[in-house]
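The values are calculated or read from the model by the stated rules, or taken from the named source; none is laboratory data. Source: prediction; values computed, not measured. Positions of Cβ are backbone-derived with ideal geometry, glycine not excepted, and every protein chain shown enters the neighbour counts. Remember, those area values only see protein heavy atoms, side chains included, never the ligands or the DNA or RNA. Shrake-Rupley method; radii C 1.70, N 1.55, O 1.52, S 1.80 Å.
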Amino acid sequence: MPSMQSLALVTDFDGTLMEQDVGDELMEALGVRSHPAVLAASARGRRGEIGSYDWIPVSYGQLAGRQRDVDAVIERVHPRAGAAELFAFCRELGIPITILSDGMEYYIRKLTTKFGLEPDNIIVNPIRYEADGSYRLGLQNDNEACRWCGCCKAKVVRELKREGRRVIYIGDGTSDVYGSSFADWTFARGYLADHLRSAGAPAFPFETFHDVLDVLQPHIAAFADGTMHGRRAAAGDPFCKFQ
């Protein structure tokens, strides 16, 4: 069997690894969506004038000083079925897992620890409550050529590819369009699945991680040696810009 070290698995968090979009749950439950500044930023986003790079500071800025409220909301969320089994499968074979999210570091680290979903790497926006009670509001994107996404998922996948990895990407949202466009294989649901279907790009559909395992387990050798069907050209998305 070919070495599993040739593979890397990348999964989105909100609406993918988690059954719920945790960020959306927070925005709705804590009344952030109705804040005038957030309404204005959201309208600009719908018009295609700004991406999450500009929307996140406005929306997540409303969570300063609200750690208890955030904790109460995230107590109600849970992983997608089969998540623990997928992580165990990858750990057994030595396939590194990266959680890649345009969401908030605070709840992502809290929830992965709570549910025992410990990846090899977590790459997210550095938004968190510090031990001294202060609130850090930051973005992961350091790609000076593009300031659209708060977390540049495409850059992370590109770096894995430069390391010689074959990347299996799992996602559901708009930011996953860019990250998955550089991956070798994509498991997609929701918006991402619709987008790839419209573009005529190959993807494996899934609703639970049991669906993902049903494809990975019997074909893992083909994924590892690059012969698995459904492989994309990994040419990237024309919207992405890099220096």
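Things to note:
- Scanning region 47-74 for residues that are assigned to a loop (DSSP other than H, G, I, E, B), hydrophobic (A, V, I, L, M, F, W, C) and exposed (fewer than 15 other Cβ atoms within 10 Å of the Cβ) returns a single hit, 64.
- Of the helices (runs of 4 or more DSSP H) lying entirely inside region 138-215, those carrying at least 2 residues that are basic (Lys, Arg) are 153-162.
- Test: residue in region 105-127 that is at pLDDT 95 or above, of a type in the set (S, T, N, Q), open to solvent by 50 Å² or more (accessible area, probe 1.4 Å) and over 30 Å from residue 225 (Cβ atoms): yes
- The set of residues in region 151-165 being surrounded by fewer than 12 Cβ atoms within 10 Å (Cβ to Cβ) and small (Gly, Ala, Ser) consists of 164 alone.
- Residue match in region 140-150 (condition: within 11 Å of the chain's Cα centre (by Cα), surrounded by fewer than 23 Cβ atoms within 10 Å (Cβ to Cβ) and touching a residue at least 12 places away in the same chain (Cβ under 8 Å)): no
- Flag if residue 171 is in contact with a Ser or Thr (Cβ under 7 Å, 6 or more places away or on another chain) and within 19 Å of residue 86 (Cα to Cα): yes
- Look at region 181-208: where a residue is surrounded by fewer than 20 Cβ atoms within 10 Å (Cβ to Cβ) and a partner is assigned to a strand (DSSP E or B) and of a type in the set (A, V, I, L, M), sitting 6+ places away or on another chain with Cβ atoms under 7 Å, you get 205/188.
- Residue within region 167-186 that is over 26 Å from residue 145 (Cβ atoms) and among the β-branched types (Val, Ile, Thr) present: yes
- Checking every residue in region 75-85 against the condition of being exposed (fewer than 13 other Cβ atoms within 10 Å of the Cβ) and of a type in the set (Gly, Ala, Ser) gives zero matches.
- Qualifying positions in region 181-230 - over 25 Å from residue 21 (Cα atoms), out of contact with any Ser or Thr (no Cβ under 6 Å at 6 or more places or on another chain) and of a type in the set (A, V, I, L, M): 220, 221, 222, 228
- Qualifying positions in region 202-233 - at pLDDT below 95 and either in contact with a His (Cβ under 9 Å, 6 or more places away or on another chain) or hydrophobic (A, V, I, L, M, F, W, C) (or both): 233
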